[in-house]
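Q: One structure, as structure tokens, below. Some questions next.
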Amino acid sequence: MITIAHISDLHFGREQAEMIGELIKSLAKINPHRVIVSGDITQRARKSEFISACNFLNSLPWPKLIISGNHDVPAFNLFDRFINPWRKWQRYTGYELEPVRKELGYIAIGVNTARRSGALFDWSRGRINEDQTDTIAKHLRTADPDSLRLVVAHHPFWLPEKYKNRRVVGGRDKALSAMKQSGVDIILGGHVHSAYTKIMDGIIICHAGSAISDRLDMDSSNSFEVIQGNRRAFSITTHAWQGKGFATAKKRFFKRSSGAWQETPAQHNNSA
Ligand SMILES: [Fe+2]
Ligand SMILES: [Fe+2]
């Protein structure tokens, strides 16, 4: 059984200091095999924010997979944004833009969906293209069939009804269909600062809320997710901020049958 902690949208620059120690305490209790960070580690891609984010992330003693989000691209310096949007990310974090980690029991593939610009001036929207889904397929062709297949992408592949004015990641339909072909099990994301999980076409889409920033959406609280199980069945637990620390707010169970995932009641799930 593997345990993955999924945190997102740290937004250093807008972090809430009192939550940082509590998040580390919660992660220590969970002791995950890996911490996955699904983007927006800074608020405005400032050097000081990258340094604070990396001080925090590098202090976590677990293996990590970290991707960027739209906030990790300079917003106001248009020269930086258009000429080399990832210069600061590469210079101050040293993290890969599209990391892939393969371990016993799982493979996690990071996809950079942030873009330097977008249609209709909605530069925050993000996109996934065919080269990226081809790369995912290439990695999964040689993956152990029993390993859980996770894709990590900052932008949403599905949005709850309350976000009807926002848009899913560009290229979503083609990408989902390609990922279904490749046998992707779960897509981990962030961006909307709200925790939710939805099954689309047999693939689980799991979005973590903002773990520690004060950029909260509507009725959301700070939160992170824990995925625990294997390629036959797993659970997703939402840990939400409850005033003085993080505590379990919700736990859902999922089972894979004929290549597609479905939600199950807790008592029908023996593996997670
Ligand atoms: Fe964000
Ligand atoms: Fe974002």
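Q: With the crude spin-label approximation of a point 7 Å out along Cα→Cβ, what separation in nm comes out for ASN31 versus ASN58?
A: Once both label points are built, they end up 2.7 nm from each other.
Q: Could you state the orientation-averaged shadow area of the convex hull built on the Cα atoms of region 1-110, in nm² to one decimal?
A: Values: hull surface 27.3 nm².
Orientation-averaged projected area of the Cα hull: 6.8 nm².
Q: Per the 1.4 Å probe, what fraction of the accessible area of region 2-268, in percent, lies on carbon and sulfur atoms? Can you show the working numbers first?
A: Details: 5590 of 11590 Å².
After summing per-atom areas, the C and S share lands at 48 percent.
Q: Do you know the relative contact order of the chain, to the nearest whole percent, from alpha carbon pairs under 8 angstrom that are 6+ apart?
A: On the way: 636 pairs, mean separation 52.8, N = 272.
RCO, the chain: 19 percent.
Q: Further question: For the chain, what number results from the quotient of the Cα radius of gyration and 2.2 N^0.38 Å?
A: On the way: Rg = 17.4 Å, N = 272, 2.2 N^0.38 = 18.5 Å.
Here the Cα radius of gyration is 0.94 times the empirical estimate.
Q: Can you tell me which lysines have their Cα less than 17 Å from the Cα of LYS174? Leave out same-chain residues fewer than eight positions away.
A: Excluding near neighbours in sequence, the set is LYS138.
Q: Ignoring ligands, DNA and RNA, what accessible area per residue does the chain give at 1.4 Å, in Å²? Please list the in-between numbers first.
A: Numbers: 11960 Å² over 272 residues.
For the chain, the per-residue accessible area is 44 Å².
Q: Something else: Give, to the nearest whole percent, the P(r) tail of region 165-246 beyond 19 angstrom, counting all Cα pairs.
A: Values: 1467 of 3321 pairs.
For region 165-246, the fraction of Cα-Cα distances above 19 Å is 44 percent.
Q: Classify region 120-272 from the C-alpha gyration tensor, please: rounded if a/c falls under 1.5, else prolate or oblate depending on whether a/b exceeds b/c.
A: Numbers: a/c = 2.00, a/b = 1.08, b/c = 1.84.
Oblate.
Q: Once you place label points 7 Å from the Cα toward the Cβ at ASN84 and THR135, how far apart are they in nm?
A: 1.9
Q: Set the Förster distance to 30 Å, then compute FRET efficiency between LYS250 and SER177 from the Cβ-Cβ distance, nearest 0.05.
A: On the way: r = 29 Å, r/R0 = 0.97.
Given R0 = 30 Å and the Cβ-Cβ separation, E is 0.55.
Q: Let me ask something else about it. Quick one: if the Förster radius is 45 Å, what FRET efficiency do LYS102 and ASP219 give, using the C-beta to C-beta distance and rounding to 0.05?
A: Values: r = 38 Å, r/R0 = 0.84.
After rounding, the FRET efficiency stands at 0.75.
The values are calculated or read from the model by the stated rules, or taken from the named source; none is laboratory data. Quick caveat, the model's predicted, so the values are computed rather than measured. Note: ideal-geometry Cβ built from the backbone for every residue, glycine included; neighbour counts use all protein chains shown. To get the accessible areas, we keep the full protein, side chains included, count just its heavy atoms, and leave off ligands, DNA and RNA. Shrake-Rupley method; radii C 1.70, N 1.55, O 1.52, S 1.80 Å.
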